[in-house]
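Encoded as structure tokens, the structure appears first; notes follow it.
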Amino acid sequence: MTEVAPQTAVPRPTSAVARFRQRNGWVVGLALLLAGLIFLRSTQVANFGGFELRALVAGGLMLAFVAMAQGVVVISGGINLAVGALMVLANCVSALLMEDASFAMSILVAILTVIGTALLSGLMGWIITVSGMPDIVVTLALHFTFVGLALFILGGPGGRANPDFANMIVGGFSNPWPALLWLSAVFCLIWLPFRYSRSGIATYAIGSDRQAAFLTGVIVKRARVKAYLISGVFVGFAGLVTTALLGSGSPQGTVALGALLSSVAAVVLGGVALAGGRGQLLGPVLAAFVLTLIPSILLSMGVNSNIATLLQGLIIIVVVMLGGFLEMKRRKL
Amino acid sequence: MTSTAPQTAPVPADEVPSTAQRVRNYLTDHPIVVLSVVFVLFYAVTAALDPSLFTVQGLRSILLLACPLALFAAGQTIAFLTGGIDLSVAMIANFAAYVVATQSGAGTVTALVLGVAVGAGAGLLNGIGIGIFRVHPLIMTIGMSSVLLGVVSVGQASGGFLSGSAVVPQVLQRIGGGTLIGPIPLNAVVWAVVSVFLIWMLARSGLGRNIYAVGDNATACRLSGIKVWQVLIVTYVIVGILAAVAGMIISGTSGSVGPSQSNSLLLPSIAAAVIGGTSILGGSGGYGGTIVGALVLTVLNRLMLTLGAGQAVQQMVYGIIVLALAWAYVAVSRQRAD
Amino acid sequence: MTDAEPLLHAEAVAKSYGAVRALRSADLRVQPGEAHALLGANGAGKSTFVKILTGVIDKDAGRITMDGEPVALRSPAEGYERGIASVFQDPAMIPDLTVKANLRLTGTDPAAVTAELEQLGIHGLDLGERVSDVPLPFLRMLDLARALAHKPRLLILDEITAALPSDLSAKVTEVMARQTAAGGSVLFISHRLEEVIEHCDMCTVFRDGGDVASFAPKDGREERIVHSMLGEVASGQAEEGRRSRAGRPDVGEPYLVVRGVSAGEVLNDVNFSVAPGEVVGITALEGQGQEALFDVLAGARRPRTGDIQVDGEALIARHPAAAISRGISLVPADRTMAILPKRSIRENIALPATARFWRWGPISGRKETRAVNGAVARLSIDTRAASQARRLSGGNQQKLTIGRWLAEGFRTLLLFDPTRGIDIGTKRQIYDLIRELAEEGAAVVMYTSELREIELVCDRALVLYHGRIVAELPPDAGEEALLRAAHGFVDAEAGA
């Protein structure tokens, strides 16, 4: 039959524009939205400048880190319900150890905190892969444990951040640069190299199709643990930012839960698919600032702060529903 | 069809499963057995330290505290069975309790109906988002939570629809704190009714079959003519109603309402369903296990209290116990999530 | 030949899953420069053996050596270092990553892959493309090119030709010839006996978890192969399969009429009708729009144009439920789309019974038991592992899917490649059942990728090519005529 068989046509490659839209469309849209919101904010406030920017950047920094922490795990096809609790733990431990520490000691404490959260988070990933329990169960159970541990260690609100250290992380009164710098540094020096390494590709691979990833030689268990490890690094930074911003440790379950819920919201709004394998961490970072900006804009517009909470929830639902709706339309075609 | 073709049965006839395998299979199919043993053990240990548990009052207090948790966990269980989860149960409960308390002036029955309707309405919205718009249950219910928090806050503000005087109706206070007979608190009656209904519904009704089936394989359901979105909507409406009832009972027990009074039960409700052996991935489990799960967690809290452990230690142990039980369950059943 | 030092030598390899022994004791010798076929019915242990060989799973016992040295791969990627490269049955490409990123995962040089593709005669495939945007046949070719780029001494091809159109299949066999000519070996797993006979030097047949025979698969030895695969009992039946039917049965008025249906990217203006008591076979190469056609018929997708008439009334389906209520039921090819893996046989079969909203109330136990037992008996479903459907074999799972509709009742049954990946015994049961159903007055529309099935079970054959029906042929038209039509070459007589 071969002599009569027609040549099966080689598919034409998709155009560069289509590819860019497919890969970066959401993030670009989000960046435009953020720019628009910042512009809106600048028209609301007289003498818009360093002070407001610092409030925005420093205020959103914690959420940005937590969103990154959630994002990595979601990309790997999992979910991490313990990000908030681990952040609270990092906050409490670092605040306790920094209480009477010098600047240099504080730096050491900060480094140890990040290493500690990375190890704890990695341990969590290890438990998930070894036990075979669903990640949602393990991280939920450890959410309790971490909050309890934070409370146990600090015994109640307390501890104190080293003021110089705080300044270095979140900047002074009207200085947005340190916070911005830290965010960029962590993103560019930790995330990007990881993302383009073989381990990073493997993270995306196990989120996209675990069976195929295994067949291509990815050691799935190791890659999952690595995703939690990196997530722990970002959580550690989130905890340090909290310490710097609050100036103390606050072992509260509500803080943990709030951070957790916001992190999931930021990840979804940031265009990372909850099913895993798709999306970029820049999305959740931008989304974190969008979510930080919206309440203050609404407040300035004279909207009641309670209504602002309500609107925030609505916005998330509407965005996600819109996503679901578009996906549905695409499938029908 | 009298073909003698070779069968490719997975268990060849000459290989009878070993005793260990049979025990394992039995325990896999009946996780409630293991869990009941754990419960009895916990209860015995706690009672040894605190003999009041052997009294009628002691038993009553456990049942009284377990009831709201078990009602939340009931909703969580059926959400799990469809492969979902509901993180808005606590806020639905708070909202419903508020509505009942502030509308009690309009008559107790009206208030109660309104409360249940609020739960059903929130559940309906959850169901529409999850079933029709295919929003991930986690996101939909987190979003719903924050919307409801906003609604409650707005309603509470002066001039809002929840700003009137909040009086928890007498009926709820009776149900939340009264005693039927001996060690059985009145709220356990509500719980018993819910349990009987749920267990029957899951095992012997078309809806129950569909709930399991949707969680196990939604595509197969669609091709078999089941409208998955209908099943999901009904499921989340039931979850919402259960949450509302739980919220009302909690307000009855405490005699007051607060915008976050049920929140501390959110994660335990998930934990109770998990250790009760219901798969968070959907398709297997049941409410029987969850009942025992709720009892175990309640006794565990009591044990911590008896030991004088602070809130910190309590939380830590809580997490570790949930982890250990879930681990044991996976190890015995060998049903790994991956 | 057996005296020479084999390239690959497996001895007494065994593997059990819990109480189920998938492999009892399997031996295999692959010589250098040999194209070796691995054959066996479903459940014979063939796929378990390949998984062990390629490092996907661990063996319980036995020894595998290469050049006399033991090999125990812990993951498929380790094979590359040992000179083993595999193309798996499931695509080993991450859908959300680009082809390039996929190559990085396996440590493959993209330039080498491009070179191999060129040599395969595939030009201009962009490696920067996301995998999910590449059509399946080309993914298989990419898989192959990636394996070749590692210059393996043993190339394992597991059912690679199943998803390929014939011109690409031919390229695979060219690769096999080149590989063996260069002194390398190929282990070829395929259900297509003609390919094995044409291109392999040796074959080893597995049955019941062990190897039963090893010989050269020459022309005329099909019978021996089938005999080895089936054992004593069923081998006679395989040949007796041909039915003598007196042409088209006496059918009534068309029941299901499809007019001008277009859907998806391919399916274009399809017209045909089916009458009660008739089995209409549809065949086509991969990707000619058959999936879209069956989706439209089953109500799972709305047609872009055209309409479907059932009993003279238009069927407008937004959901499969609408088609089912008009008596049209679909049995999909992929059993993961049909089975409730964690639920019992009973619940699997009774699934459609509770579909309608008004049947969400109490279940009548007795009525259900009767319906389920009827289906189980008629299909002789093995109920020993009744508590969870995932514990059943593929054949039994497929029977569950069909049994579901026997219990529920239907007037038109849509079968999409109902025997894909099923052992010959179960296949024959399904063929018998289809004929019985037709005799009882059901209309059956069956897509099949196995041309032989057209003659075995169908009353007429429709051939789909580029989304259109290009030919209607009698069942005894022969495989060659069907194949020509499937490639778009329509003889004057067949076009009628």
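The values are calculated or read from the model by the stated rules, or taken from the named source; none is laboratory data. What you see is a predicted model, and the numbers here were worked out from it, not measured in a lab. Here the Cβ is made from the backbone with ideal geometry for all residues, glycine too, and neighbour counts use every protein chain on show. Only protein heavy atoms, including side chains, enter the accessible area calculation; ligands, DNA and RNA are left aside. Shrake-Rupley method; radii C 1.70, N 1.55, O 1.52, S 1.80 Å.
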Unmet requirement for residue B:213, which otherwise passes all of (1) over 24 Å from residue B:290 (Cβ atoms); (2) open to solvent by less than 40 Å² (accessible area, probe 1.4 Å); (3) in contact with a helix residue (DSSP H, G or I) (Cβ under 6 Å, 6 or more places away or on another chain):
(1)
Looking only at the range B:56-101, filter to residues that are outside any helix (DSSP H, G or I) and within 14 Å of chain A (Cβ to nearest Cβ); which one of those is surrounded by the fewest Cβ atoms within 10 Å (Cβ to Cβ)?
B:83
Pick from the range B:302-320, criterion touching a residue at least 12 places away in the same chain (Cβ under 8 Å) and buried (at least 19 other Cβ atoms within 10 Å of the Cβ), ranking: nearest to the other protein chains (Cβ to nearest Cβ):
B:318
Could you pull out every one of the helices (runs of 4 or more DSSP H) wholly within the range A:54-157 that has 1 or more residues that are within 25 Å of residue A:293 (Cα to Cα) and within 10 Å of chain B (Cβ to nearest Cβ)?
A:83-98
Assuming residue B:200 fulfils every condition listed in (1) at the interface with chain C (Cβ under 9 Å from one of its Cβ atoms); (2) surrounded by 23 or more Cβ atoms within 10 Å (Cβ to Cβ) apart from one, which condition is it?
(2)
Does the range A:162-174 include one or more residues that are at pLDDT below 95, outside any helix (DSSP H, G or I), surrounded by fewer than 19 Cβ atoms within 10 Å (Cβ to Cβ) and facing chain B (nearest Cβ under 10 Å)?
no
So for the range A:229-243 (the condition being open to solvent by 30 Å² or more (accessible area, probe 1.4 Å) and either within 11 Å of another protein chain (Cβ to nearest Cβ) or over 17 Å from the mean Cα position of the chain (by Cα) (or both)), does at least one residue qualify?
no
Any residue at all in the range C:446-455 that is out of contact with any Phe, Trp or Tyr (no Cβ under 7 Å at 6 or more places or on another chain), open to solvent by less than 50 Å² (accessible area, probe 1.4 Å), over 25 Å from residue C:227 (Cα atoms) and of a type in the set (Phe, Trp, Tyr)?
no
Can you tell me which of (1) polar (S, T, N, Q); (2) without any contact (Cβ under 8 Å) to a residue 40 or more places away in the chain; (3) more than 13 Å from chain C (Cβ to nearest Cβ) is the one residue B:253 doesn't meet?
(2)
Between a first residue in the range A:255-277 that is without any contact (Cβ under 8 Å) to a residue 24 or more places away in the chain and within 14 Å of chain C (Cβ to nearest Cβ) and a second residue that is in a helix (DSSP H, G or I) and buried (at least 23 other Cβ atoms within 10 Å of the Cβ), which pairs have beta carbons less than 7 Å apart while being 6 or more apart in sequence or on different chains?
none
Selection from the range C:404-459 of residues outside any helix (DSSP H, G or I) and aliphatic (A, V, I, L, M) yields C:413, C:414, C:415, C:422, C:442, C:443, C:444, C:445, C:446, C:451
Quick check on this structure: which one of C:154, C:142 is crowded, with 21+ Cβ neighbours inside 10 Å and away from every other protein chain (no Cβ under 12 Å)?
C:154
Only one of these is under 18 Å from residue A:64 (Cβ atoms) and without any contact (Cβ under 8 Å) to a residue 60 or more places away in the chain: A:192, A:180, A:108, A:112. Name it.
A:192
Of (1) of a type in the set (A, V, I, L, M, F, W, C); (2) farther than 22 Å from residue B:266 by Cα; (3) crowded, with 24+ Cβ neighbours inside 10 Å, residue B:53 fails just (3)
On the given criteria, is residue A:282 open to solvent by less than 10 Å² (accessible area, probe 1.4 Å) and hydrophobic (A, V, I, L, M, F, W, C)?
no
Some residue of the range C:392-409 being crowded, with 21+ Cβ neighbours inside 10 Å, more than 30 Å from residue C:189 (Cα to Cα), out of contact with any Lys or Arg (no Cβ under 6 Å at 6 or more places or on another chain) and of a type outside the set (A, V, I, L, M, F, W, C)
yes
Of (1) under 25 Å from residue C:101 (Cα atoms); (2) part of a helix (DSSP H, G or I); (3) touching a residue at least 12 places away in the same chain (Cβ under 8 Å), residue A:200 satisfies all except one. Which?
(3)
Which residue is surrounded by the most Cβ atoms within 10 Å (Cβ to Cβ), if the candidates are limited to the range C:180-197 and must be in contact (Cβ under 8 Å) with a residue 24 or more places away in the chain and among the charged types (D, E, K, R)?
C:195
Segments classed as strands (runs of 3 or more DSSP E), wholly inside the range C:281-383, with at least 3 members that are open to solvent by less than 60 Å² (accessible area, probe 1.4 Å) and more than 11 Å from chain B (Cβ to nearest Cβ)
C:305-310
Among residues of the range C:164-179 being within 12 Å of chain A (Cβ to nearest Cβ) and among the small types (Gly, Ala, Ser), the residue surrounded by the most Cβ atoms within 10 Å (Cβ to Cβ) is C:169
Among the residues of the range C:81-99, are any touching a Pro at 6+ places or on another chain (Cβ under 8 Å), assigned to a strand (DSSP E or B), open to solvent by less than 10 Å² (accessible area, probe 1.4 Å) and more than 8 Å from chain A (Cβ to nearest Cβ)?
yes
Taking only pairs six or more apart or across chains, which ones have beta-carbon atoms under 8 Å, a first residue in the range C:395-406 that is at positive phi, and a second residue that is modelled with pLDDT of 90 or more and crowded, with 24+ Cβ neighbours inside 10 Å?
none
Among the residues in the range C:169-183, are any part of a loop (DSSP other than H, G, I, E, B), of a type in the set (Ser, Thr, Tyr) and under 27 Å from residue C:289 (Cα atoms)?
no
Residues within the range C:199-209 that are modelled with pLDDT under 85 and open to solvent by 10 Å² or more (accessible area, probe 1.4 Å), tallied
2
Looking only at the range B:224-247, count how many residues are at the interface with chain C (Cβ under 9 Å from one of its Cβ atoms), in a helix (DSSP H, G or I) and surrounded by fewer than 24 Cβ atoms within 10 Å (Cβ to Cβ).
2
